[in-house]
Amino acid sequence: MKKITAKPKIYLVDDDDAVRKALSRLLKAAGYTGEAFASAEDFLAAVPAGSNGILLLDLRMPGIDGFTLQKRLQTLCPQLPVVFITGHAQPGDRERALAAGAKGFLTKPFDGKILLCLLESIAQKNKGKEG
């Protein structure tokens, strides 16, 4: 009999309100719980160090950008997988993100099914790492 496990909490950080709303609806429909933030600063203020889940992170934002937040999280929440989502990728961004430990890099607009498959894959890989 297959063991039913809870899906990880999804944190979404994107400065575009329409993107936050659309992805929040998609994630909720797929059975995920989560929180959405308009900036990296809002995320850092609300999410305690050591939090578990998966972070969907916009790359280009005012204030703290995605790369800077990813670097900070390597100390604050090293166990929190990061998936970058961006509509403004520059040459080398994907490679830089993945080299720094990101688990995925999607360019907007992307197919919601691809995102959900990626999240499921990350969740499966992290099951054995949870304490």
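Just so you know, all these numbers are worked out from the coordinates, no wet-lab data involved. Model, not experiment: these values are computed from the prediction. Neighbour counts are summed over all protein chains in view; Cβ atoms, including those assigned to glycine, are modelled from backbone coordinates with ideal geometry.
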Inset, instruction - Calculate how steeply helix 66-76 sits against the longest principal axis of the alpha-carbon atoms of the chain, using the helix alpha-carbon long axis, and give the answer as 0 to 90 degrees to the nearest 10. - result: 50
Inset, instruction - Please give the direction-averaged projected area of the C-alpha convex hull for the chain, in square nanometres with one decimal. - result: 8.1
Inset, instruction - Would you please give the FRET efficiency between residue 71 and residue 46, computed as 1/(1 + (r/R0)^6) with r the Cβ-Cβ distance and R0 = 22 Å, to the nearest 0.05? - result: 0.70
Inset, instruction - Could you tell me how many degrees, from 0 to 90 and to the nearest 10, lie between the Cα long axis of helix 17-29 and the main elongation axis, the longest principal axis, of the Cα atoms of the chain? - result: 10
Inset, instruction - Please return the longest stretch of the chain lacking exposed loop sites, where trypsin sites (Lys or Arg not before Pro) count only if DSSP places them in a loop and at most 12 other Cβ atoms lie within 10 Å. - result: 4-128
Legend entry - For the range 5-68: span of alpha carbons on each principal axis (Å, largest first): 35, 28, 17
Legend entry - Considering only the chain, percent of DSSP beta bridges that pair antiparallel, nearest 5: 0
Inset, instruction - Give the cross-link partners of residue 125 among the aspartates and glutamates, using a straight C-alpha distance below 16 Å as the criterion and excluding same-chain residues fewer than 8 apart. - result: none
Inset, instruction - For the range 1-74 and the range 103-117, write down the distance between their C-alpha centroids in whole Å. - result: 14
Inset, instruction - Quick one, can you get me the convex hull of the C-alpha atoms of the range 79-131 expressed as volume per residue in Å³? - result: 71
